[in-house]
Amino acid sequence: MKIRTLAAGLLVGALTLTACGKEGTPSGSGTGDTGSNAAALPTYTVAQNVDVAGSPTFARIKGAGKLTIGVKDDQPGMGLKDPTTGKFQGFDIEIAKMVAAGLGFDESKINFTTVDSAAREAAISNGNVDYYVGTYTITDKRKQQVSFAGPYFMAGQDLLVRKDDSSITGPETLKGKKVCSITGSTPIQRVRDQQLTEPGNIVEFQKYSQCVDKLLTKEVDALTTDDAILKGYASQDPDNLKVVGKTFSQEPYGIGLNRDDAALRGKVNDLLQAAIDNGTWQKIYDATLGKSGSPSQPPAIQRY
């Protein structure tokens with residue numbers, strides 16, 4: 001069974017974000033459901049005459065005249081590509097566009113490229129993407145290869161199971177169960193390290209949607225990853241899927257950047273802080289993940 005594409009209801013709001021530099025033209029916030037029940041996304045004012053002194057990444061971006069941003073394409077509510085229109089939508093996508101506007105680039109100058117979890121560090125380090133926004137948990141191990149701005153969201157690891165399965169009530173009930181997640185992710189490594197199920201019951205794929213398909217066909221018993229992602233899948237198929245609702249980690253999501261580009265990291269942190277302070281962050285959340293009915297507040301930016 002294939003997961004239905006989640007249609008993000010988007011309205012162009014009146015809120016604008018003024019980043020460092022002079023005010024410029026508004027950058028559009030996407031397309032989607034424009035009905036009366038649709039939550040309003042902010043519009044991001046594109047900054048003019050932006051300079052990030054000492055940033056080799058920004059110098060490369062300016063030379064190219066466009067941004068290449070790494071994202072996910074199969075995460076409802078976070079980063080999802082509409083197979084019909086080819087447009088990306090979700091909380092991560094809006095954060096990426098907000099940062100781009102603060103760097104002086106409107107949506108027409110953004111190239112979103114899908115990068116699977118196992119390839120993120122290489123894509124950032126090799127310059128294949130200018131930055132990465134895709135449920136990317138900040139860890140000390142990853143900081144050895146890349147750097148992070150943020151966090152811009154705090155998630156927690158949870159479990160997605162079939163609606164009629166009452167045998168899985170939390171991580172302590174996973175013994176003997178087949179548990180699925182994506183290759184190279186923090187959640188599946190935690191399952192392995194904590195021996196929550198037997199090694200032979202750990203199943204890994206390149207995309208979460210593959211795990212969801214296997215869950216629905218009863219080839220695996222649970223999908224584990226961050227609750228923000230799982231809520232998106234459950235909202236697409238509430239008759240067949242549910243989130244257990246017992247988180248067992250804290251997952252701070254950061255924007256992945258070149259490890260040695262402290263100047264750009266500082267600039268992106270400034271843009272995230274501005275979005276938190278002026279309410280833009282909350283408007284993005286309310287129009288995307290907030291549709292699940294779960295409230296959230298922005299985390300504190302951790303500079304280093």
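The values are calculated or read from the model by the stated rules, or taken from the named source; none is laboratory data. These numbers come from a predicted model, not from an experiment. A quick note on method: Cβ atoms are made from the backbone with ideal geometry, for glycine too, and the neighbour counts reach across all protein chains shown. For accessibility, only protein heavy atoms count, side chains too; no ligands or nucleic acids. Shrake-Rupley method; radii C 1.70, N 1.55, O 1.52, S 1.80 Å.
Report, to one decimal in Å, the Kirkwood hydrodynamic radius for segment 28-156 based on all distinct Cα pairs. Before the final figure, lay out each step's value.
Working: mean 1/r = 0.0640 Å⁻¹.
For segment 28-156, the Kirkwood estimate is 15.6 Å.
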Inset, instruction - Give me the percent of the accessible area of the chain that comes from carbon and sulfur atoms, probe 1.4 Å, all protein chains in place. - result: 48 percent
Inset, instruction - Could you go through segment 121-126 in sequence order and give the Karplus-derived ³J(HN,Hα) for each residue, using 6.51 cos²θ - 1.76 cosθ + 1.60 with θ = phi - 60°, rounded to whole Hz, and x for Gly and Pro? - result: 4, 5, 4, 6, 5, 7
Legend entry - Taking only Cα atoms of segment 174-304, radius of gyration then Dmax in Å: 17.4, 49
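Indicate, rounded to the nearest 5 percent, the antiparallel portion of the DSSP beta bridges found entirely in segment 74-209.
Numbers: 4 of 8 bridges.
Beta bridges within segment 74-209, antiparallel portion: roughly 50 percent.
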Legend entry - Distant-in-sequence amide H partners of F205 (H built 1.01 Å from N, under 5 Å): S181, I182, T183
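Where does the charge balance sit around K72 when Lys and Arg score +1, Asp and Glu -1, over other residues with C-beta under 12 Å from its C-beta?
On the way: positive: K81, R120, K207; negative: D73, D74, D92, D116, D226.
Here the count lands on -2.
For the chain, what does -39500 (n - 2.57) per DSSP helix run (n ≥ 4), summed and divided by total residues, give at 222 nm, in deg cm²/dmol to the nearest 500?
Working: 8 runs with 78 residues, N = 304.
It comes out at -7500 deg cm²/dmol, rounded to the nearest 500.
Scaled to the compact-protein estimate 2.2 N^0.38 Å, what is the alpha-carbon radius of gyration of the chain, rounded to two decimal places?
Working: Rg = 18.9 Å, N = 304, 2.2 N^0.38 = 19.3 Å.
Here the answer is 0.98, to two decimals.
Stretch E219-D270 to full length: gain in nm at 0.36 nm per residue minus the Cα-Cα span?
Details: separation 51, 0.36 × 51 = 18.36 nm, distance 4.52 nm.
Gain in length upon complete extension: 13.8 nm.
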Inset, instruction - May I ask for log10 I(q)/I(0) of segment 134-211 at q = 0.11, 0.13, 0.14, 0.26 Å⁻¹, from a Debye sum over the Cα atoms as equal point scatterers with solvent left out? - result: -0.34, -0.47, -0.54, -1.36
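Where both residues lie in the chain, what percent of DSSP beta bridges are antiparallel, nearest 5?
Around 60 percent antiparallel, to the nearest 5.
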Inset, instruction - Would you list the membrane-span-like helices of the chain, meaning whole DSSP H runs whose alpha-carbon atoms span at least 27 Å along their axis and whose mean Kyte-Doolittle value is at least 0.0? - result: none
Inset, instruction - Can you check what the net charge comes to around G279, using other residues whose Cβ is under 15 Å from the Cβ of G279 (Lys, Arg +1; Asp, Glu -1)? - result: -2
Inset, instruction - Within 10 Å, count the other beta carbons around each residue, average over each peptide in 140-150, 229-239, 72-82, and list them highest first. - result: 72-82, 229-239, 140-150
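Whole number in Å², please: accessible area per residue of segment 226-291, 1.4 Å probe, ligands, DNA and RNA not counted. Let's see the in-between values first.
Details: 2370 Å² over 66 residues.
Per residue, segment 226-291 has 36 Å² of solvent-accessible surface.
What does the charge add up to near K87, with Lys and Arg as +1, Asp and Glu as -1, over the other residues with Cβ less than 11 Å from its Cβ?
Working: positive: K81; negative: D73, D82, E107.
Summing Lys/Arg as +1 and Asp/Glu as -1 gives -2.
Go ahead and run the numbers for FRET between A263 and S167, Cβ-Cβ distance against an R0 of 45 Å, rounding to 0.05.
Details: r = 52 Å, r/R0 = 1.14.
Calculated transfer efficiency: 0.30.
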Legend entry - Nearby lysines by direct alpha-carbon distance to K283 (threshold 24 angstrom, same-chain neighbours under 8 apart not counted): K22, K72, K81, K87, K97, K109, K231, K267, K291
